[in-house]
Every structure is written in structure tokens, then in C-alpha cells.
Amino acid sequence: MKALIAQRALELGFDACRFTTADPPQSVPQFRQWLDARYHGEMDYLQRNANKRVDPKQVLPGAQSIICLAASYANFKSQVSSSGLASSVVSGPLSVVKAAAGASRNPQPATRNPRPSGVIARHARFDDYHDVLADRLKLLASFVNRLGGAGTRSLGYVDTGPLLERDLAQRAGLGFVGKHTNLISRGLGNWIFLAEIVTTLELEPDKPEKNRCGTCTRCLDACPTRAITGPFQLDARLCISYLTIELKGPIPVELRPAIGNRIYGCDDCLAVCPWNRFAREGKLMQEHARPDLVQSDLIELLSLDDAGFKKRFASTPMLRTKRRGFLRNVCVALGNVGDASALPAVQRAANDQDPLIAEHARWAMQQIEERTGRNPRACV
């Protein structure tokens, strides 16, 4: 039965499929300590559903097994680092990796483009993976129910359900949780989306994967804000992905310079992982790639009204930030890498009706003025 499910998962476009029990993960005490320390920031949903998250049988009564799935979003055709320069590879020699990490910690204006550009995290350069994978997951869950027969129930989740999905995936042997707290697959690297099916069907669990980070600390060294406070320890309140996606209010002033030209998420800790030499493109996500999101003109983005924002990023996960959050991010990026040509657009944004955008635009004006010696009021 497992072989049939795994075969069907691959037919539907998933790149890996493994199985584990519905028992609570061993990491539950560490998760509760992480919550108690408030490292989750404003992601209060993690606290609200903590009891379900640590016990899959509370998610689906009678659950016996969890099917853990992975879909690769590696894209070798066109990658952009946090410095704004295009790259044709996901990972490379150590010297190249170190250079990329160094550039991200000391962002400079892009030199290959006439106007400053922003970088969107690789996972968001596709149609929204939640929707893409959810459609296939529903088909697989129905297949599992048919195999199990009358009374079999299955629930599928794509990064949305109350599950400790990385811990479950490690127990299923799908990969191991790296020092950056993300899942690493020996066959896919760490450019992977995760999905799960919790089912009442009893399936033999696969052998867990063991940690294979060894003495490597590249991810810790690469983090621009030092959000990875130690091996396997993440303070989300410092993480650029949290700051540019999950945080709804102002980005702390002291963290803004480290954001560089990132406008949605951050890939630095993932990009330096040596296991990416085994990464391979997944057919499913490549069919939903958005090449127009590889590099984005920051000045153009700052002119988007609400309708323009929704049209530009329709069907992508970036809609979750809404216009106010996204233009907040664009302002920070321009404050870090913008030149005098950005001042008119930034000054207009400083008068935006949304106070969140206006405040970040005023900060950006000050940064550009100090860096270029130009008076923004003279650029009207």
C-alpha cells in the first residue's frame, strides 16, 4: 500500500514521499520552550494552536499515520543573490558561497542595472505554492481514502496546518532539520516545500533521518541579522523572512540596514548550505515559475496603488503582505541601495495615506540623503 501511495505522489508531481506515525514529535519540549521565550514574535497562531501542533491526533481524531511529502522549487535557470546580481547556479564552490554571504551582510547598490532592484525570495518566484500543492494533495488524500476503504479519513496540509512539519518530515526520513532550522534533503537540498497528509490509515513508518550537518556553520555565519542564535536555534523576531512577511507593523530601525535589497523573504542561510549540490529541479513547480519576479525595479514598485499591487502579484504568495507591508519593504530596500534617482518616488511615498509606508519612506529619504549628499526636497 505504501508503494502505491508513493507512486501516486510522484505521478502527481511531488519529488519525495515518506511515512511516519501520528505520535507527537520528540521535539515538543524544545518547541514549547521556544514559544515561552517569545521567539515566535507576533505569530500568535503558533501559541493558540500549540496543543494541536504537538499532537497530530488532536488534528485528526483516530489518526494513525502521516504521509510527508516534498516538492522542489530549485531553479537553475536564473537565480539572484541578495546583492542583486544574477547567478546561474544555486550553489557553488566555497569561495563563491562565502562571497555571496559577505555581499549580503554588506549590501551595495546593484551595478548591473540602471535602477536599483529588489530581491524576492526564491520560494515566492512561483504561483502560490499553497494553492499549487493543495490541489495535488487533495487528489492524493482521496487516493489514500480509496485504498483504505470505508471509514478512512485523511487531511492534507501545505504549510498551513497545526503540525510540526519539519520534525515529522525528519522522523519520516524525508530529510533532517539543519542548524538553520529548515529541512535539508540529501537528494533535494533545502529548496523544498513540505506537505503532509494525516490519515487514519495505519501505514508502516519509514526509518528516521539523522542529522548530517556535522561541524558546518555556514548558515549561522551567513545570516545578516544573526537570527540563528546558535545551532538549531532561531529567533524569528530577527529573521528577515519574518520581518518582511510575517511582521505587520514597522520594521525595527536597527534591523533595517541588514535587510539590504530584500523585499520579500531571505534565502541566505539556505543558499550557503553545501547539501544544495544535490538539489534538482522539480517539474511541478517549474510549470508555475514566474520569471518576472526574479528581479524587480524598486522605483517602479513604489508607485503601485492597491489595484496595481494585486494585479502585479496575483496568484503569488506575496499578496499576503498586502500593499502596505510590501511597500514598507520596498522603502527599506531603497533606503539601503537607492541612489538620487529614487528620491522623487520615495518623497511621494512619504506622503502616502498609509502611515506605515510613509514612515519607512521618510527613513529611506534620510538614508539616501546621507549617502548621496542630496537634499530630497530639491528633487521634487
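Calculate the dipole size of segment 139-181 relative to its Cα centre from +1 charges on Lys and Arg beta carbons and -1 charges on Asp and Glu beta carbons; express the result in debye to the nearest 20. Walk me through the numbers before you get to the answer.
On the way: 5 positive and 3 negative charges, 21 e Å.
The dipole of segment 139-181 has a size of about 100 debye.
Of all the accessible heavy-atom surface of the chain, with the other protein chains kept in place and a 1.4 Å probe, what percent is carbon and sulfur? Let's see the in-between values first.
On the way: 8520 of 16620 Å².
Here carbon and sulfur together make up 51 percent of the probe-accessible area.
For segment 226-231, in order, what is each residue's ³J(HN,Hα) by Karplus, 6.51 cos²θ - 1.76 cosθ + 1.60 with θ = phi - 60°, in whole Hz (x at glycine and Pro)?
Couplings: 6, 5, 7, 6, x, x Hz.
For the chain, set up a GNM with springs between Cα atoms under 10 Å and report which of Thr160, Thr20, Thr321 has the largest fluctuation.
Thr160
Treating cross-link reach as a plain straight distance, find the aspartates and glutamates whose alpha-carbon is under 15 Å from the alpha-carbon of Lys57, omitting any fewer than eight places away in the same chain.
Asp23, Glu165, Glu196, Glu202
Using the Cα centre of the chain as origin and beta-carbon charges of +1 (Lys, Arg) and -1 (Asp, Glu), tell me which of Thr200, Ala172, Val346 is placed farthest towards the positive end of the dipole.
The listed residue farthest towards the positive side: Ala172.
Taking the DSSP beta bridges in the chain as the whole, what percent of them are antiparallel, to the nearest 5? Don't skip to the answer; put the middle values down first.
Working: 28 of 30 bridges.
About 95 percent, rounded to the nearest 5.
Treating the beta-carbon of each Lys and Arg as +1 and of each Asp and Glu as -1, no other charges, what is the dipole magnitude of segment 141-240 about its Cα centre, to the nearest 20 debye? Write down the numbers at each step before the final one.
Values: 12 positive and 10 negative charges, 53 e Å.
That gives segment 141-240 a dipole magnitude of about 260 debye.
Once the dipole of the chain is set up with Lys and Arg at +1 and Asp and Glu at -1 on Cβ about the Cα centre, which of Tyr242, Phe126, Cys223 lies farthest towards its positive end?
Ranked along the dipole, the leading option is Cys223.
Please compute the net charge surrounding Glu42, taking Lys and Arg as +1 and Asp and Glu as -1 over other residues with Cβ under 11 Å from its Cβ.
Details: positive: Arg38, Arg237, Lys248; negative: Asp44, Glu246.
Overall, the nearby charge balance is +1.
Give me P(r) over segment 140-207, computed from all C-alpha to C-alpha distances, binned every 10 Å, as integer percentages.
20, 45, 29, 6, 0
Can you give me the Cα centroid spacing of segment 262-339 and segment 11-69 in angstrom?
Each part's Cα centre sits 27 Å from the other's.
Shape call for segment 228-306 from the C-alpha gyration tensor, a ≥ b ≥ c root eigenvalues: rounded (a/c under 1.5), prolate (a/b greater than b/c) or oblate? Don't skip to the answer; put the middle values down first.
Numbers: a/c = 2.22, a/b = 1.07, b/c = 2.08.
Oblate is the answer for segment 228-306, as a/c is 1.5 or above yet b/c matches or exceeds a/b.
Which one, Leu356, Ala307, Leu284, is farthest towards the positive end of the dipole of segment 271-380 when Lys and Arg carry +1 and Asp and Glu -1 on their Cβ?
The listed residue farthest towards the positive side: Leu284.
At 1.4 Å probe size, with every protein chain present, just tell me what the per residue accessible area of segment 194-285 comes to in Å². List each step's numbers first, then the result.
Numbers: 3840 Å² over 92 residues.
Averaged over the residues of segment 194-285, the accessible area is 42 Å².
Tally Lys/Arg at +1 and Asp/Glu at -1 over every other residue whose Cβ is under 10 Å from the Cβ of Arg18; what's the total? Mind showing how you got there, number by number?
Values: positive: Lys2, Arg171, Lys207; negative: Asp206, Glu209.
So the environment of Arg18 carries a net charge of +1.
State whether segment 16-82 is rounded, prolate or oblate according to the following rule on the C-alpha gyration tensor (a ≥ b ≥ c being the square roots of its eigenvalues): a/c under 1.5 gives rounded; otherwise a/b larger than b/c gives prolate, and the remaining case gives oblate.
Values: a/c = 2.75, a/b = 1.26, b/c = 2.18.
Because a/c hits 1.5 or more and a/b fails to exceed b/c, segment 16-82 counts as oblate.
Assigning unit charges at the beta carbon (Lys, Arg +1; Asp, Glu -1) and nothing else, what dipole magnitude in debye, to the nearest 20, does the chain show about its Cα centre?
Working: 50 positive and 38 negative charges, 72 e Å.
Roughly 340 debye for the chain.
Sort 236-243, 343-350, 208-215 by the packing proxy (mean of other Cβ within 10 Å over each peptide's residues), most packed first.
Details: 236-243: 22.8, 343-350: 20.1, 208-215: 12.4.
So the peptides 236-243, 343-350, 208-215, ranked by packing, come out 236-243, 343-350, 208-215.
Please list 129-138, 31-40 highest first by mean number of surrounding beta-carbon atoms within 10 Å per residue.
Values: 129-138: 18.5, 31-40: 14.8.
Ranking the peptides 129-138, 31-40 by packing returns 129-138, 31-40.
Is the chain rounded, prolate or oblate when judged by the Cα gyration tensor, a ≥ b ≥ c being the square roots of its eigenvalues, rounded requiring a/c under 1.5 and prolate requiring a/b larger than b/c?
Numbers: a/c = 1.94, a/b = 1.86, b/c = 1.05.
In terms of gyration-tensor shape, prolate.
The values are calculated or read from the model by the stated rules, or taken from the named source; none is laboratory data. Just so we're clear, the structure is a prediction, and the values are computed from it rather than from any experiment. Please note: Cβ atoms are built from the backbone with ideal geometry, for glycine as well, and neighbour counts cover all protein chains shown. Areas reflect the complete protein model, heavy atoms only, side chains present, ligands, DNA and RNA absent. Shrake-Rupley method; radii C 1.70, N 1.55, O 1.52, S 1.80 Å.
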